Amino acid sequence: MHALRFTLALAALAPALLSAQQPAPTARPDSTAKPLHPVVVRERQRARAVGGSAIVEVAVDSVRTAPAANLDAVLRTVPFVGVRTNSRGETELSLRASDSRQPAVLLEGVPLTLGWDSRTDASVIPLSAATGIRVGRTLSSLMLGPNISSGTIEVGLTEGLTATRRLLTLGTDQTGALGFSGSAGAPITIGTGTLAVLGGGGVRHRPDLVAPDALTRRVTKGRRDNTDLTQRDYVSGVRYTTATGASFGLTVTGARGARGVMAEDHLTTPRFWRIPQVDRDVAILSATSGWMSTPLGSGSVDLRVGRSRGTQRIDQYTDSSYRTLGTTERGDDATTTTRLILEHSVGSRGEIGLGISSATIDYDETLGAATPVAYRQRLSSVALETDWELPRQLRFSLSGSRDQAEHPLTGGRAPLGARQEWGARAGLSKTLLGPGIQLNAAMTRRARFPALRELYSGSLQRFVPNPDLRPERLVSSEVSALWQRGAGEVQATLFRQHLDDAVVRVTRPDRTFIRVNANAQRTQGLELFGAWRGADRTFLADLTVQDPQLIDQVSGARSAPEYVPHLRGSVTAIVPIATRTRLTTAATTTGAQSCLNPDRGTRETIAAATRLDALIDRDITLDARGLWSALRVSIGVDNLLDRLTYDQCGLPQMGRTFRIGLQLR
């Protein structure tokens, strides 16, 4: 019945997509078609770093994903970002050869990554009212705070609201999935300032995902077992900005959801989990003075305070029928983060900044009917950074930091003593031939303290806790060149990463896991990006080639780290096929990867795979005097060739999926 309704809807939309009655516009920007700019901006709360590679800016209302998509689906379309779903049903993100706990996800400048697990599950972050996404794979600024040793992924809400916004999206596919989101916002002039007001929300209901034809295990009637999802979200925010740049804002957002977790098809004893509750609420308070005159020059003050609260309940079943409940786990977490940044000019060419950050992470773990066990972690950082504009269009940056971790509540175990690490960063940027060529070089040293989950969680008897984990220490360097001329752009980056005391999981004789500081990781690689943007068409290509190696710190034996491919790349083309109608095709390739099979205690290989997606959309102009001025109708096919592609050992991506969508603006 779902397939019949989808076919009828597709037939009804086809004439609107293929008719040619209006003059052709320029091609719309794709999610990866935004210009790339060097990361040299004045706002330290963003992913700012002199000497760093360029960033990718994503326009959320023009991505080629299904309507009302969450953050993970959007990031799968963005160059240089690794996205995979793990055995807990969560999404893990990677930049270059990083572990998923090393990049940071920030909302309105506040890190969501700090928490019980020290990583953000992008699959439950809705984008109903997001104004944009910025992905910076560069060596991040020390001013962003502790436990950020890789790049950054920033989601903007009220900060990017400079014009009236009305957006309504609706979509479905052949499984009967429904995605709906709407948002409205406007800047309102009050006196000499502007008040930005934003509100929105969304609903998502997804039956089990389509299974590729080649997949036979844990499949029922062409669907992957236990992969359903339901979610609803909300967002509201206000921000008042004065004519001098001072601002004050409050944003509140959250989501409620439930989902199934696909069992790994390569194991004889996988997880049979359902997550009947995954809730999150976030409140963000921000205030900045803007740049103002002082007796010694000019300076600014920026304060960000975030409060994140969430609950996740896990039901573990005895078998794949999901009828007999074995045990349960409930986690209640609350994280409060504060970051204060003070900046001041030094003469006419220099700036100096002081950043003070702190985070308090509380987590209550309840296993079955047992009494809740409490954990607490405190992270703090003090960083000093100075930037200088030198002659001959040179810009130089130097910074240092002192980070600290404390664990006052450790679930009844002996508290750990305070641990401290230092960080440093140096960067240099050079402009040649006007603004056409940008050369960058940077080196950084950062540390990452293990998360509470890494130290103490048994993950329903699947892991053995290890409170003795030491901090990871990462030394990274990069050299990059960016060339822009007319409609063309080329970018190349060479990078090296030396990670010591890398936290990895190993298999014990009883086939459980334990995390240990067993290895060092050495990675060198090359990133390439090219783009050509014509009047009505766009072509994009990116490629990452890297050689990650894990080195046993005792024996010196070398191996490949789990889920870090040697090659990753994509090619995207946006071309007109009729009046006001565009075709977007994207091919994404991921090289071979390795994983650890706990049943056998051996390494397995995930074969290299290429995925092809396609989208046809058409813009229809509506009455400009009405509430909506434009309608976009789209027909998309995800995994067009129905390839069996694995995110992780035993966890395949969805099979060929046809979808339709409507977007009103």
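Any read-out appearing in this document is the output of simple, stated calculations on the displayed coordinates, not a laboratory observation. Because the structure is predicted, anything quoted here is derived from the model rather than measured. Here the Cβ is made from the backbone with ideal geometry for all residues, glycine too, and neighbour counts use every protein chain on show.
May I ask for the distance between the Cα centers of segment 442-512 and segment 346-400, given as a whole number of Å? Here the answer is 17 Å between Cα centres. Computed over segment 318-459, the P(r) curve from all C-alpha pair distances, binned at 5 Å from the origin, holds 2, 8, 13, 13, 12, 10, 9, 8, 7, 6, 5, 3, 2, 1, 0 percent per bin.
If the chain linking T327 and T244 were pulled fully straight, counting 0.36 nm for each residue of separation and taking away their Cα-Cα distance, it would gain 24.2 nm.
Protection proxy ranking of 515-524, 135-144, by the mean of other Cβ atoms within 10 Å over each peptide's residues and highest first, is 135-144, 515-524.
Note on segment 306-444: dipole from Cβ charges, positive end direction compared against Q316, A426, I356; the farthest Cα belongs to A426.
Each of Y646, Y363 was scored by other Cβ atoms within 10 Å of its Cβ. Arranged with the fewest first, they read Y646, Y363.
What ratio of Cα Rg to 2.2 N^0.38 Å holds for the chain?
On the way: Rg = 24.5 Å, N = 665, 2.2 N^0.38 = 26.0 Å.
After normalising by residue count via 2.2 N^0.38 Å, the value is 0.94.
Backbone phi angles across segment 371-388, fed through the Karplus curve with coefficients 6.51, -1.76 and 1.60 (θ = phi - 60°), yield HN-Hα couplings of 5, x, 10, 9, 10, 8, 10, 10, 10, 8, 8, 10, 10, 10, 9, 9, 10, 9 Hz in residue order; Gly and Pro are listed as x.
How many angstrom separate the Cα center of segment 240-267 from the Cα center of segment 97-123? Taking the Cα centre of each part, segment 240-267 and segment 97-123 sit 11 Å apart. Remark: relative contact order (the chain) = 12 percent; criterion is Cα-Cα distance under 8 angstrom and separation of 6 or more residues. For the peptides 353-362, 578-587, the ranking by packing is 353-362, 578-587, with the highest mean count of neighbouring Cβ atoms within 10 Å listed first.
Dividing the Cα radius of gyration of segment 58-201 by its Kirkwood radius returns 1.00 for Rg/Rh. For the peptides 173-181, 503-511, residues were scored by their other Cβ atoms within 10 Å and the scores averaged per peptide; the highest-first order is 173-181, 503-511.
Site pair V506 and L195 shows an inter-label distance of 6.1 nm when each label is modelled 7 Å from Cα along Cα→Cβ. Please work out whether segment 496-613 counts as rounded, prolate or oblate from its C-alpha gyration tensor, where a ≥ b ≥ c are the square roots of the eigenvalues and a/c under 1.5 means rounded, while otherwise a/b larger than b/c means prolate and anything else oblate? Taking the square roots of the gyration eigenvalues as a ≥ b ≥ c, segment 496-613 is prolate. State, as an integer percentage, the relative contact order of segment 129-221 based on alpha-carbon contacts under 8 Å between residues 6 or more apart. Dividing the mean separation by the residue count of segment 129-221 yields 23 percent. Averaging the Cα positions of each part gives two centres, and for segment 148-203 and segment 555-572 these lie 35 Å apart.
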